[in-house]
1. Could you state, as a whole-number percent, how many of the C-alpha pairs of the chain are farther apart than 15 Å?
2. Could you work out how much longer the chain between D11 and Q29 gets when fully extended? Use 0.36 nm per residue separation minus the Cα distance between them, nm to one decimal.
3. Evaluate E = 1/(1 + (r/R0)^6) for I75 and S37, where r is the Cβ-Cβ distance and R0 equals 35 Å; express this FRET efficiency to the nearest 0.05.
4. Please compute the length gained on full extension between E19 and V64, using 0.36 nm multiplied by the number of residues separating them and subtracting their Cα-Cα distance.
5. Roughly how much of E52 is accessible, in Å² to the nearest 10, using a 1.4 Å probe?
Amino acid sequence: MKVILSGLHADASESAIIESFTPYFHITQVDMIREGSPDSPWAVLHIADSYEHAWAACNSLRGVFHRGKRLSVYIPTHQPDIYHEFAPHERLDIA
């Protein structure tokens with residue numbers, strides 16, 4: 001599954017992102033995207049988490065600022081490798 005991270009500084013690195021976001025995601029790979037605006041790169045995080053876990057982590061990171069820039073973390077809609085922790089027939093109550 002992939003998660004998009006933006007709001008980074010020019011000196012952001014793959015290793016720093018893995019270290020910083022390990023408490024939230026099980027990151028398997030980070031792809032830095034620096035084309036277009038090298039001063040504000042973004043990253044594609046490849047994670048080994050369920051959709052429900054990724055959703056909860058993205059929501060908990062909403063509104064977080066890092067060194068004066070607001071981070072944005074979201075899940076792209078079309079992904080072939082999403083799995084769910086719940087079976088299709090299970091009831092999920094969202095509070």
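1. Of all Cα-Cα pairs in the chain, 62 percent lie more than 15 Å apart.
2. 4.7 nm
3. The formula returns an efficiency of 0.95 here.
4. 14.6 nm
5. About 40 Å², rounded to the nearest 10.
The values are calculated or read from the model by the stated rules, or taken from the named source; none is laboratory data. Model, not experiment: these values are computed from the prediction. Using ideal geometry, Cβ is built from the backbone for each residue, glycine included, and neighbour counts are taken over all protein chains shown. Heads up: the accessible areas ignore ligands, DNA and RNA and are worked out on the full protein's heavy atoms, side chains in. Shrake-Rupley method; radii C 1.70, N 1.55, O 1.52, S 1.80 Å.
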